[in-house]
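These notes concern the structure reproduced below.
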Amino acid sequence: MNRQKLHHQADKIEYVLATHKAPARVTGGRVTPRTVQFHVSPSPTTKVSKVENLAEEIALALNASSARVSRANGQINIEIPREDVQPLQFLDLCAQVQKDAAMAQALAVAGTTLLGIAVDGMPILLRVSAPDVAHVLIAGTTGSGKSEAARTMLASLMLFQRTRDVQVIIVDPKASEYRQFEHLPHLLCPIIRNVEDAVANLEWLVEEMTRRQDQMIVRPRIVLVIDELADLLMQGGGEVEGYLTRLVQRGRSAGISVIACTQKPTASILGGLVKANFPVRLVGKVTSANEALVASGVAQSGAEKLMGRGDFLLIANGEKIRVQMAQLAPNDYDAFRARILGTPPTRNLPRSSPSTNFVQAMFERVR
């Protein structure tokens, strides 16, 4: 972005705050593919709550659709969406990560997935095989990118891990979100698209869990991915809820993980199934603070203020990490499948790895 424009926006932020008797100084900031973040140092008399209450005035002054105010490391951060949003491409991020020997080694461990990048530009990995993870709930309204997030996690598992280490079951009621994974060797069965098949496969998986526990088997890790968990629970009733409850309560010790997506993170639908058994949450934009609480499991997560389209909070052990999820773009499907199947891709893989997939620029304000 144009540095002169960044400094002009910083001046406007300072003016708005001063006008409303909340003096502060913008000391610098960070530009990412999705956002511009301004670092603000408030005066001793300025309350953080007052700056938070001026978010709408700041957004108006910057001609931005929204402004998000947060606090970290002794400073206030004011974040606005970029006008020229640049998606974070999964294959490009993979190419960058593989240049780091430690990252590449970590990704080879069964159950480890590449999610995207944090606000500081560092890649974020999540190991579902870890004792304190096991199951992941992905929540967000339509357009938040929750299905893309699940596809990214699946693509990472299949790209970096062998079938003898990880196998996958996909429940896709929409019959459209996971077509790129059809016929890939990591699938234990064809993609499940109706409730009857889902019930039958869940019953089998519960029996398999019991067998594994009796024989102390944990490999290969089985990852069950469910798109639209709330719809499956409503259609499948108590039978589906019973199987899922057993899987999320006892699957950890049998090497079974559940990754579930929902756009309806309400207590009345998800109930105790989610509250007690999904220690890790990936929460995208939701419609209300109440949904944000149910989805994240923590108060005042701010998920209702996220920007959507891959802007997520990773919540684990009560901590929140802002993540820009990578996406497997449609024009990358052939190259992705070619790499899994070992057939020649239709174009070179991976593509060039531009630095724009990480933090693009840092800027400082020198007075």
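The numbers here are math on the coordinates, done by the rules we state, and not lab data. Bear in mind that the values here come from a model prediction, so they are computed numbers and not experimental data. Note: ideal-geometry Cβ built from the backbone for every residue, glycine included; neighbour counts use all protein chains shown.
Judged by the ratio a/c of the largest to the smallest principal axis of the C-alpha gyration tensor, the stretch 90-341 counts as rounded, that ratio being less than 1.5. By DSSP, the beta bridges lying fully in the chain are antiparallel in about 65 percent of cases.
Judged by the gyration tensor of its Cα atoms, with axes a ≥ b ≥ c, the stretch 216-296 is prolate; a/c meets the 1.5 cut and a/b is the larger of a/b and b/c.
Just from its helices, what would the mean residue ellipticity at 222 nm be for the chain, if runs of 4 or more DSSP H residues each count -39500 (n - 2.57) and the sum is divided by every residue, rounded to the nearest 500 deg cm²/dmol?
-11000 deg cm²/dmol
Residues Glu364, Glu52 in ascending order of nearby Cβ atoms (within 10 Å, fewest first): Glu364, Glu52. Over all distinct Cα-Cα pairs of the stretch 3-85, the Kirkwood formula returns a hydrodynamic radius of 12.5 Å.
Summary of packing: across the peptides 116-127, 98-109, 256-267, 189-200, the per-residue average of other C-beta atoms within 10 Å ranks them, highest first, as 256-267, 116-127, 189-200, 98-109.
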